[in-house]
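Below is one structure; the comments refer to it alone.
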Amino acid sequence: MQRYFIPAEQFLEDHVIVTGEDARHIAKVMRGRSGDKIIVSDGVSREALAALDTIEQDHVKATIIEPLEMTSEPYVQITIAQSLPKGDKMETVMQKCTEIGATGFVPFLSERTVVQYDAKKEGKRLERWRKIVKEAAEQSHRNRIPEVSAPLTWKELLASFAGYDLICYCYEKEQGRQLRDVIQPFAGHWASTDKPRVLVVVGPEGGFTEAESLEAEQAGAQSTGLGRRILRAETAGMVALACILYETGEMGGV
């Protein structure tokens, strides 16, 4: 069943209003008819099954049939900090990690970042990233849309570490400590009510410099390997995210 996120002010007591691109999607793509059912969410605290009532190209009204429980979000809140990769790889990271269960994304620039970042295009880039994340959240039946931050500098990223309970720094030169070694001591103490915040830091195609690795550890990150194989920059975050969710019981682990 198709799911749509709408602003809280359009989620009323007995009906919801869908506007803009989502309304056009219902009218033109889904060819919605009166009585067809959709799921709507305000992305915060309300979700409901609703039946289409009036359908116009830019405005759809649907009557609420019943409220739904919001149960698809992981209790561990995992943010992916990804050094900007080449091409459209960042879009792939955001789309797939949203499907898997990431809570947010923090793009950043590091010493070996290949992309020539143009701050003048930041607005359009952020708009596209957030659209991709929203659509992925709808497709995967998430209850909330992951947050997407504007790109940070390396120093800004380090300064943000204080806001997390655990920072996993994916480093291809780490031979001893693996992700499971880092997660298990914490996972055993976390409860679903704690909502622990985890940051997974992934470098660019050329990896991190030794100086960056040292700075990350000094700022509180734990260096971790992801197995004996070298993963692409756009793959590492997905693997780490899935492994953490498994180790914390979100994918049948523990």
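What follows draws every value from the coordinates through simple rules; no lab data is involved. Please read these numbers as outputs of a predicted model, since none were measured by experiment. Note that we place each Cβ from the backbone using ideal geometry, even for glycine, and neighbour counts take in every protein chain shown.
Scanning the range 23-63 for residues that are buried (at least 20 other Cβ atoms within 10 Å of the Cβ) and of a type in the set (Asp, Glu) gives a single hit, Glu47. Whenever a residue of the range 225-254 is of a type in the set (Gly, Ala, Ser), its partners that are loosely packed, with under 15 Cβ neighbours inside 10 Å, lying with C-beta atoms within less than 7 angstrom and at least six residues away or across chains, give the pairs Gly225/Gln175; Gly225/Arg177. For the range 205-219, filtered to residues that are closer than 11 Å to Glu174 by Cβ and touching a strand residue (DSSP E or B) at 6+ places or on another chain (Cβ under 7 Å), the residue that is surrounded by the most Cβ atoms within 10 Å (Cβ to Cβ) is Ser213.
Please list, ordered by residue number, the strands (runs of 3 or more DSSP E) wholly in the range 14-70 having 3 or more residues that are farther than 19 Å from Ile145 by Cβ. Give the derivation first.
Working: elements: 15-19, 37-41, 47-56, 59-67.
Output list reads 47-56, 59-67.
From the list Glu205, Glu210, the lone residue that is touching a Lys or Arg at 6+ places or on another chain (Cβ under 9 Å) and without any contact (Cβ under 8 Å) to a residue 60 or more places away in the chain is Glu210.
Can you name every residue in the range 134-149 that is within 20 Å of Leu109 (Cβ to Cβ) and either out of contact with any helix residue (DSSP H, G or I) (no Cβ under 7 Å at 6 or more places or on another chain) or without any contact (Cβ under 8 Å) to a residue 40 or more places away in the chain (or both)? Give the steps one after another, and end with the answer.
Filtering the range 134-149 for residues within 20 Å of Leu109 (Cβ to Cβ) gives 147-149.
Hits for the range 134-149 are Glu147, Ser149.
Please work out which one of (1) surrounded by 19 or more Cβ atoms within 10 Å (Cβ to Cβ); (2) within 30 Å of Tyr171 (Cα to Cα) is the condition Lys86 fails and give its number. Among (1) surrounded by 19 or more Cβ atoms within 10 Å (Cβ to Cβ); (2) within 30 Å of Tyr171 (Cα to Cα), Lys86 violates only (1).
Output yes when any residue across the range 69-80 is of a type in the set (S, T, N, Q) and within 16 Å of Ile6 (Cα to Cα), and no when none is. So far as the range 69-80 goes, no, none of its residues is of a type in the set (S, T, N, Q) and within 16 Å of Ile6 (Cα to Cα).
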